[in-house]
Amino acid sequence: MDGVLFHGMKPIDGAVQFMDAIYDYPHVFITNNPIRTPDAVADKMEAIGFTRPNEEQIITSGEATALWLSQQKANFRYFAVGAEGLHQSLQKYGIEDKDDADFVIVGEGAGIDYDAIIIGINLILKSRAKLISTNPDSSVDDVYRGKHAVLPGGGALVAPFTIATGQQAITIGKPNPLLYEIALQSFLQQDNAHDYQFEDCLMIGDRPDTDIIGAQKLSIQTALVRTGRFAPGQKLPKHMTAPDWDVDSLKELLKCLQ
Ligand SMILES: [Mg+2]
C-alpha cells in the first residue's frame, strides 16, 4: 500500500483514479505493516480521498498473523510484543496468556522493552512456545514524532528473541508466502471472486525484494510501480526475474490494463 497508493497521508498521483477504475474487479490490499488494524487502514484511505474499502479487503501482516495462528490452533494462547493494531487483531482470535503461551508474537512498531524480551524468551525456552514474526523488514521509512525517520522493521525487532533462544521465527509478511495465502483466502470470499488461483491474480507493488519476488514465487503475475522504493529508470536487483509489468506509476499501469 505504502509507495503504491500513498506516501504517509498523501495519495500518490493517479492512485485514487486507478482504484476507482478497478473497483469492480475483486481485489485485496496487503501490507507488511501490522501497526494499524484493517479498520484503521480503511479510515485512513477514506480520509485521504479513496473510496473506503471493506475491512475484509485489507490484509495487514498483523491480521494475517492472527488468522493464520487461529488456523493452526483454535483459541490459541499467546504473548505478543508490538503495537496496538497487532494486539487488537490477536484478541479477536486468541487468548492472551503470558504464563502459558503457545506462541510468542513479535510485531513491528512500539511495544518492545527489556521485560517483554525476558518474558518472551522464557516462554520459548521453558514452555516451548513458537516464535512468530509479523514481517521480515529490516527497516522502514516513516514519520516519527513529526519527522521523517528510519525505523526498525519487524525483522530487526524479532532479532533479540532469535538470538537469545536460537529459534528461527515463522514469518508471515512478504516475501514469505503466508501473507499472500491469507490474502487469497479473503479474496475468494468476495462475491465477485470465482474459483481463482494465484496465476489469475496480479500483485502490484513498489518493492522488488518483497512485493515482486514473493509474488513470483507463487506464480502470481506482477507489476512494479516506481513510485516508492524504486524510482523510474533505477536498475532492478541482480539475479531478479523482471516483473511482468514495469511501469512508472499506477497511472501508466491503468493505460496498460485498458
Ligand atoms: Mg510498499
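How many residues, within segment 1-17, are touching a strand residue (DSSP E or B) at 6+ places or on another chain (Cβ under 9 Å), outside any loop (DSSP other than H, G, I, E, B) and more than 9 Å from THR227 (Cβ to Cβ)? Summing the residues that are touching a strand residue (DSSP E or B) at 6+ places or on another chain (Cβ under 9 Å), outside any loop (DSSP other than H, G, I, E, B) and more than 9 Å from THR227 (Cβ to Cβ) in segment 1-17 gives 1. A Cβ distance below 6 Å, combined with a sequence gap of six or more or placement on separate chains, defines the contacts here; from segment 1-25, residues that are more than 14 Å from ILE48 (Cβ to Cβ) reach residues that are within 16 Å of the ligand (Cβ to nearest atom) and among the charged types (D, E, K, R) in the pairs GLY3/ASP206; GLY3/ARG229.
A quick yes/no check of all residues on (1) among the charged types (D, E, K, R); (2) away from the ligand (no atom under 12 Å from the Cβ):
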| residue | (1), (2) |
| --- | --- |
| VAL4 | no, no |
| ASP13 | yes, yes |
| GLN17 | no, yes |
| TYR23 | no, yes |
| GLU46 | yes, yes |
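With surrounded by fewer than 23 Cβ atoms within 10 Å (Cβ to Cβ), at pLDDT 95 or above and not aromatic (Phe, Trp, Tyr) as the only criterion, which of ILE95, ILE105 stands out? None of the others qualify; the one that does is ILE95.
Just one of (1) within 28 Å of ARG145 (Cβ to Cβ); (2) assigned to a helix (DSSP H, G or I) fails for PHE50. It is (2).
Among the residues here, PHE161 does not qualify as in a helix (DSSP H, G or I) and in contact with a His (Cβ under 8 Å, 6 or more places away or on another chain). Just so you know, in segment 204-241 the residues that are part of a strand (DSSP E or B) and in contact with an Asp or Glu (Cβ under 6 Å, 6 or more places away or on another chain) include one that is nearest to ASP141 (Cα to Cα), and it is GLY205. Residues of segment 100-146 that are without any contact (Cβ under 8 Å) to a residue 12 or more places away in the chain and part of a loop (DSSP other than H, G, I, E, B): ASP113, ARG128, ARG145, GLY146. Scanning segment 194-237 for residues that are among the charged types (D, E, K, R) and either within 16 Å of the ligand (Cβ to nearest atom) or within 19 Å of the chain's Cα centre (by Cα) (or both) yields ASP206, ARG207, ASP209, ASP211, LYS217, ARG226, ARG229. For the residues ALA66, ALA80, the requirement of being in a helix (DSSP H, G or I) and buried (at least 19 other Cβ atoms within 10 Å of the Cβ) singles out ALA66. For the condition surrounded by 15 or more Cβ atoms within 10 Å (Cβ to Cβ) and assigned by TED's automatic domain parsing to the domain that holds VAL106, PRO152 qualifies. Does at least one position in segment 35-46 carry a residue that is outside any loop (DSSP other than H, G, I, E, B) and without any contact (Cβ under 8 Å) to a residue 12 or more places away in the chain? Scanning segment 35-46, I find at least one residue that is outside any loop (DSSP other than H, G, I, E, B) and without any contact (Cβ under 8 Å) to a residue 12 or more places away in the chain, so the answer is yes. Within segment 217-228, residues that are touching a residue at least 40 places away in the same chain (Cβ under 8 Å) sit with their Cβ atoms under 6 Å from residues that are assigned to a strand (DSSP E or B), at 6+ positions apart or across chains, in these pairs: ILE220/MET203; VAL225/VAL247.
The values are calculated or read from the model by the stated rules, or taken from the named source; none is laboratory data. This structure is a prediction, so every number in the text was calculated from the model and none was measured. Positions of Cβ are generated from backbone atoms using ideal geometry, with glycine treated the same way; all protein chains shown enter the neighbour counts.
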